[in-house]
Structure formats: C-alpha cells, structure tokens
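Read-outs: derived from the displayed coordinates by stated rules, not from any lab. Keep in mind the model is a prediction, meaning the values are calculated, not measured. For neighbour counting, all protein chains shown are included, and Cβ atoms are generated from backbone atoms with ideal geometry for every residue, glycine included.
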Amino acid sequence: MNNLDQLLTINDLHTGFRIKDTYYDAVDGVSLTLRRNEILAVVGESGCGKSTLATSIIGLYDHNKTRVQGEILYNGENLALLKEDKLNDVRGEEIGMIFQDPLSALNPLMRIGEQIEEGLVYHTKMSKQERNTRVLELLKQVGIPNPDRIAKQFPHQLSGGMRQRVIIAIAISCKPNIIIADEPTTALDVTIQAQILDLLKELQNETGAGIVLITHDLGVVAETADRVVVMYAGQIIEEAPVDELFANPRHPYTRSLLNSIPQMNSENEKLQVIQGMVPSLVKLPRVGCRFADRIPWIPAEAHEENPTLHEVSPGHLVRCTCWQHFHFESEKGGNPL
Amino acid sequence: MKNTEAIEASKEMKVSSPPTGFQVIAREFMKDKLAMFSLISLIVVIGSIYIWAWQIDQTQLMRISLRDKLAEPGEKFWLGADKGGRDILGQLVVGARNSLTIAISVTLLTGFIGVVIGLVTGYFGGWIDNIFMRIIDFFITIPSLMIIIVFVTIVPKYNILIFILIMSVFLWVGTARVIRSKALSESRRDYINASKTLGTGNFVIIFKEMMPNLSSLLIVEMTLNFAGNVGLETGLSFLGFGLPPSTPSLGTLVSYATDPFIMENAWWNWLPAALLILLLMLAINYVGQAIRRSADARQRLG
C-alpha cells in the first residue's frame with residue numbers, strides 16, 4: 001500500500017460538545033485512514049461517537065457548541081480548519097453523505113429530480129439538458145424503474161427503499177471520492193437492507209470511491225466491509241480487516257458484541273448482554289481502560305494505566321492489554337495474570 | 001396525434017397522488033360554504049371598489065358644496081351627502097380603496113420583512129438570533145399605537161406612503177417571531193443537513209428549501225394580519241390620526257358618528273362605512289380560518 005491509496009487520513013481527532021461551558025470530547029483521539037476502493041466500517045453501540053465522527057469529517061456540526069481539534073486530511077488539506085464556503089466546495093463534490101432516515105433527509109416539497117440535480121448545479125458546469133440526462137442516468141444506476149416518472153414525483157410518493165436509493169443517487173451525483181454512510185440501512189426492512197448494501201458495493205466497484213460505513217449492525221459489517229474499526233466511548237478500541245476481526249476478535253468489547261448476537265444454532269434461550277451502559281459524556285472517566293467498568297470480574301491489574309493501541313498481528317490493532325486476560329463472566333479461565 | 005396525447009394524459013391521471021397544497025385549500029373551501037361565500041364576496045367587493053374608485057376624481061369629490069349639506073339619500077346622491085355636501089357613496093368607494101391599499105401594502109411589507117428576518121434568525125441561531133430577538137422584544141414592549149399616533153402628529157406632511165411606512169415599522173415583529181420559531185425547528189431537520197452535505201449555500205437553503213416548507217404558515221399569518229391591518233388603519237383614522245382629512249378613508253367616514261347630531265339624524269353618513277368594515281373583517285377572518293384549517297390536517301373539514 002502506498003500513500004496514493006490513502007484518501008482520507010484522520011489524525012488524533014477530538015470533537016467535543018459544550019455542556020455548561022466545558023467541552024466534553026465525544027470523539028476522543030481517533031486516528032484512522034480510508035483507502036481508495038475500500039469499505040471501512042465503524043461499529044459501536046449508541047452514543048460511542050460514530051455519528052459524531054461522521055459529522056466532524058463533513059463539518060456538519062453546530063459551530064457554536066462544538067469544538068473540533070486534530071487533523072482530517074484530504075488531498076493535503078485539513079478539513080477541520082476549512083471555512084464554511086471552502087468546505088462547501090468539498091461537500092458534495094469530493095465527499096458525499098448518505099443519511100439514516102431517507103424520509104427526513106429529502107425535502108418534502110421538492111421533486112426527486114430537482115433534489116438530485118442540486119449538487120450538479122453547484123459543482124459542475126452542465127447545462128440544464130445535460131443535468132436532466134445525468135439525473136435519469138443516476139436514477140437508473142441506483143436501480144429505480146421508470147426514472148423519468150420518479151424524477152417528477154415527491155418524496156412521500158416513494159417507498160422507503162426507493163427513497164434510500166434516491167439518497168444514494170444524490171450522494172454519488174458528483175462522483176465523490178469519499179462516501180460517508182451514516183447507518184444507511186437502519187430505517188429499512190431486512191430484504192431492502194440487503195439490496196441497498198449490494199447497491200453500495202456495486203457502486204463502489206464502479207467508481208472506486210472509499211466508503212465509511214457507520215453502523216451498529218455486525219451483520220451488515222460482515223457482509224460488506226473490508227476493514228472494521230470498533231469504537232467505544234469515543235475511542236477506537238480495535239481495528240482489523242473484516243475476516244480477521246470476526247475470526248479473532250481480541251478486545252473484550254468486540255468479543256462481547258459478537259457474543260451478544262443471537263446464534264441460529266444456539267440452544268441458549270437467554271441472549272448474552274453486556275452489563276451496564278455506555279457512560280455519559282460528562283461522567284466518562286478519562287483515565288484507564290474505558291471498558292473496565294463493564295467487565296468488573298476482570299481484575300484491575302489486567303488493564304493498562306494509559307491504554308494505547310497495540311498491533312497484535314499485521315493490520316490488527318487492539319487498545320489496552322486487558323484482552324489477554326479476558327474471559328466471559330459465565331466461563332472460567334482466561335490467562336491468569 | 002390528439003388521441004395519443006389524451007391517452008398520455010389519462011395515464012398521468014391514474015398515478016394517484018395525494019392532494020397538493022392548493023387542492024387541499026380548494027377542498028376546504030368547497031366544504032365550508034361560509035368561507036366560500038366570504039371569499040367570493042371579498043373578491044367581488046374588492047374588485048369593484050378598485051375599478052370604481054379608479055373612475056372617481058378625488059378633488060372633484062372632496063369639493064365642498066353647502067347647498068347639499070346633509071342631503072338625504074336620493075336621486076342626486078344615492079347615499080346622501082355629509083356636512084360639507086360631499087357625496088357619501090363616492091367617499092365610501094375611495095375611502096375603502098385607500099383603506100384596503102394601506103392594509104394590503106402594510107401586510108405585504110411587514111410580511112416580507114418579518115419572513116426574511118424570521119427565517120435568517122431561525123436558521124443561523126446563535127448571536128444573530130440573540131440580537132434580533134432583543135430588538136423584537138424591544139418593539140413588543142413599547143406601546144406601538146401610541147408611538148404611531150405621536151409619529152403622525154410630528155411628521156409635517158404625510159400621505160398614504162408615509163402612513164404605510166410608519167405602520168410597518170411596528171408591525172413586522174409579530175410575523176418575524178412566528179416565522180423564526182418555525183424556522184428554528186425546521187432548520188434542524190435532516191433534509192437541511194442533507195442539502196448542506198451537497199455544498200448548498202446557506203441563503204439558497206433558507207429561501208429555496210426552507211421557505212416553501214413554511215408556506216402554509218405564511219399564508220395563514222398574512223391573511224389574519226390583513227384583517228388586523230384593516231382594523232388598525234380604520235381605527236387610527238377614526239381617532240383622527242390616520243390619513244389627512246382631504247383623503248377619505250373608512251375610518252374618517254365612521255368618525256362622522258362622533259357628532260351626536262349626525263349620529264341621530266343622518267345615519268347615511270356613517271352606517272354604510274361601518275357595515276362595509278364589518279363585512280370585510282368578517283369575510284377576511286372566515287377565509288383566514290378556512291386556510292388555517294387546511295394547513296392543519298387535524299382540523300380540516302374537507
């Protein structure tokens with residue numbers, strides 16, 4: 001892998017929200033790279049900072065209440081420092097975004113065609129005629145039948161799956177190099193989910209874009225991602241190629257997550273759950289292993305004092321040392337200290 | 001050729017689509033007979049007033065002729081004459097034209113200012129919002145009617161235009177507040193964010209994407225403001241702080257009733273104007289309420 005392959009590099013990103021005059025970091029020192037032609041999945045529970053990471057990249061946060069520090073390098077430019085109007089040149093043209101809820105992400109009073117056209121108006125010099133052709137082409141590309149009829153309809157006249165396809169068409173309209181998909185399948189039913197994921201993969205094969213896929217659905221990850229980043233409480237706690245992660249999960253959190261998926265052949269009637277909840281931003285202890293509270297049966301000595309990422313095998317990074325001594329509460333064992 | 005077009009058209013029709021904004025409003029009016037009647041009479045009255053007043057010469061009309069002092073309704077003056085022997089019917093038509101012009105202009109002007117300020121403050125929030133909200137608070141706390149009266153007495157030579165401007169200065173705040181509160185919630189919706197991720201500029205988002213989504217609220221707000229402004233203008237003229245005496249208005253006609261002699265013995269001086277005001281206000285309010293109902297799905301009749 002050479003440097004040319006790196007589309008987006010994030011170095012030590014801190015995104016903090018202001019609560020009563022103090023900034024609390026929801027994304028706390030995240031570093032990652034996105035390569036060309038790659039689907040990078042970001043996984044984690046609700047409230048672990050996945051969506052904050054996405055909005056930081058594209059600058060979609062409330063500037064009055066949010067502080068972004070660190071580097072988000074794209075094409076040698078730090079997106080975190082760009083002014084709004086400069087950022088507008090990047091948005092849409094270089095980075096496209098796919099939203100979670102396809103209904104609320106479409107303007108209820110604009111025709112589908114106009115909404116897809118919008119990005120083309122700002123970022124290309126196409127004539128009205130060319131734009132119309134491109135809109136129909138895009139609709140066809142995302143698998144919508146009767147594109148010329150759909151282009152004249154309003155969002156409420158389409159089904160959920162069709163709307164999400166339209167959102168995808170909007171995101172790819174200017175052929176961006178990076179697509180950020182923030183839980184693109186959460187609002188859809190399972191059969192549609194599979195279709196949308198296939199579509200995403202297909203488009204990626206055609207365009208060679210890098211996709212950041214934010215999700216909490218491990219099934220989606222296994223099916224589509226190339227590389228996986230697991231986040232917990234604002235930090236990356238494990239990063240690995242997808243096969244490696246599912247074959248050899250290391251961090252206790254990753255293992256607990258995988259363990260909590262219901263198995264089809266399992267005879268256990270009770271689902272495995274992870275104790276406790278993701279700590280709130282304000283109460284989050286900023287020292288030690290952040291997952292320690294939720295695995296109290298693991299002795300404190302197993303954790304590092306200042307957990308860092310360790311490379312356990314090529315491309316596989318794990319934070320903290322506690323994974324070496326981890327075992328589930330129900331089982332005996334784990335490596336003794 | 002024509003045949004295929006017809007087939008195409010019928011195909012289009014078959015794609016069932018929920019009613020659009022104007023269809024909903026039309027259906028509401030079909031259902032509510034009173035509102036329909038109000039709407040039609042409003043259109044007829046306003047239309048005929050403007051056409052008629054256009055043909056009347058105002059200086060000729062306002063010329064005093066003492067021979068016709070307080071003439072009763074009859075052949076020469078259909079609605080009689082006032083103390084100065086001036087035709088009441090002519091004054092009624094021209095006065096209604098003036099009052100309506102003022103009310104319409106004030107409504108449009110305050111609507112425009114209020115919508116722009118409301119949308120911008122609601123969308124950007126932060127310090128812009130804070131500054132404008134404090135200004136609006138200031139305007140709301142001062143007694144605007146008093147200040148308008150003071151202004152009218154201070155300004156040496158005023159005409160319809162200046163009167164419109166003086167009224168507008170104080171009346172945009174209500175619209176701005178209503179629009180701002182809705183814009184505040186609308187601007188946090190996902191489709192606004194989605195548009196931002198496409199690189200759409202702020203002002204394009206505000207006026208091309210957000211404003212159409214507030215249009216129902218806008219129409220309601222403007223209609224009800226219109227009724228209010230007719231009332232405010234006639235009220236001020238009645239008190240003698242509206243238009244100058246040489247310019248008839250509905251308010252000045254009604255104010256003839258402040259003279260007890262005219263009140264008792266010359267009903268034709270003040271009654272027609274009072275009835276016209278009543279009709280206009282009721283009709284505008286019924287129309288406004290029908291539009292408001294159609295903007296809120298839970299209250300619709302149609």
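Report the residue, chosen from A:G210, A:G161, A:G234, that carries the largest GNM mean-square fluctuation when chain A is represented by alpha-carbon nodes joined by springs under 10 Å.
In this elastic network of chain A, the residue with the biggest mean-square fluctuation among A:G210, A:G161, A:G234 is A:G161.
What size of dipole, in debye to the nearest 20, comes out for the range A:15-89 about its Cα centre when the only charges are +1 on Lys and Arg C-beta atoms and -1 on Asp and Glu C-beta atoms?
Rounded to the nearest 20 debye, it is 60 debye.
Rounding to the nearest 10 and keeping the result within 0 to 90°, find how far the Cα-based axis of helix B:160-186 lies from the longest principal axis of chain B.
30 degrees
Taking R0 as 41 Å, what FRET efficiency do you get between B:R63 and B:T141 from their Cβ-Cβ distance, rounded to the nearest 0.05?
Result of the calculation: an efficiency of 0.35.
Under 5 Å between amide H atoms, partner at least 5 residues away or on a different chain: which partners does A:I237 have, H built in plane at 1.01 Å?
Those qualifying (amide H under 5 Å, at least 5 residues apart or on another chain) are A:V230, A:M231, A:Y232.
What whole-number distance in Å separates the alpha-carbon centres of the range A:191-267 and the range B:97-112?
Distance between centres, Cα-based: 61 Å.
So for the protein assembly as shown, taking the charge dipole from beta-carbon charges (+1 Lys/Arg, -1 Asp/Glu), which of A:I95, A:V221, A:G234 sits furthest toward the positive end?
A:I95
Nothing charged except the Cβ atoms of Lys and Arg (+1) and of Asp and Glu (-1): what's the magnitude of the dipole of the range A:105-175 about its Cα centre? Round to the nearest 20 debye.
80 debye
Mind checking A:57-68 for the average number of partner chain beta-carbons within 10 Å of each residue's beta-carbon?
2
When Lys and Arg each count +1 and Asp and Glu each count -1, what net charge do the other residues less than 10 Å away from B:I262, Cβ to Cβ, add up to?
Overall, the nearby charge balance is -2.
Using only Cα positions of chain B, each an equal point scatterer, no hydration layer, compute I(q)/I(0) via Debye at q = 0.10, 0.15 Å⁻¹ and quote the log10 values to two decimals.
-0.71, -1.20
Using the crude model of +1 on Lys and Arg Cβ and -1 on Asp and Glu Cβ, and no other charge, please compute the dipole size for chain A relative to its Cα centre, in debye to 20.
About 800 debye.
Within the set of other residues whose C-beta is less than 14 Å from the C-beta of B:L217, count the net charge using Lys and Arg as +1 and Asp and Glu as -1.
Spelling it out: positives minus negatives among the neighbours equals +2.
Could you tell me the distance between the Cα centroids of the range A:70-103 and the range B:274-296, to the nearest Å?
Here the two parts' Cα centres lie 49 Å apart.
Pulled fully out, how much extra length does the chain show between A:L271 and A:T9, if you take 0.36 nm times their separation in residues and subtract their Cα-Cα distance?
Extra length from A:L271 to A:T9 when fully extended: 90.5 nm.
Over all alpha-carbon pairs in the protein assembly as shown, figure out the percentage whose distance exceeds 42 Å.
46 percent
Between the helical axis of B:2-14 and the dominant principal axis of chain B, each derived from Cα atoms, what acute angle in degrees is found, rounded to the nearest 10?
For helix B:2-14, the angle is close to 80 degrees.
Take the alpha-carbon positions of the range A:105-175, form their convex hull, and give its projected area averaged over all directions (one quarter of the hull surface) in nm².
Mean shadow area of the hull around the Cα atoms is 4.2 nm².
Go through the range B:206-223 residue by residue and turn each phi into a ³J(HN,Hα) via Karplus (6.51, -1.76, 1.60, θ = phi - 60°); whole Hz please, and just put x for glycine and proline.
Once rounded to whole Hz, the list reads 4, 8, 9, 9, 7, 4, x, 6, 9, 5, 5, 4, 4, 4, 4, 4, 5, 4.
Give me the orientation-averaged projected area of the Cα convex hull of the range B:136-255, in nm², one decimal.
Average of the hull's projected areas for the range B:136-255 equals 9.2 nm².
Are any of the pairs A:K65/B:K182; A:K65/B:K208; A:K201/A:K283 more than 29 Å apart by Cα-Cα distance, and if so, which?
In this structure, A:K201/A:K283 lie more than 29 Å apart at Cα.
What does the convex hull of the Cα atoms of chain A come to per residue, in Å³, rounded to a whole number?
154 Å³
Can you pull the mean other chain C-beta count within 10 Å for peptide A:118-130?
2
Under a point spin-label approximation (7 Å from Cα along Cα-to-Cβ), what is the B:I131-B:K33 distance to one decimal in nm?
Spacing of the two 7 Å Cα→Cβ label points: 5.6 nm.
So how do A:V242, A:V318 line up by other beta-carbon neighbours within 10 Å, fewest first?
Ascending Cβ contact count within 10 Å gives the list A:V242, A:V318.
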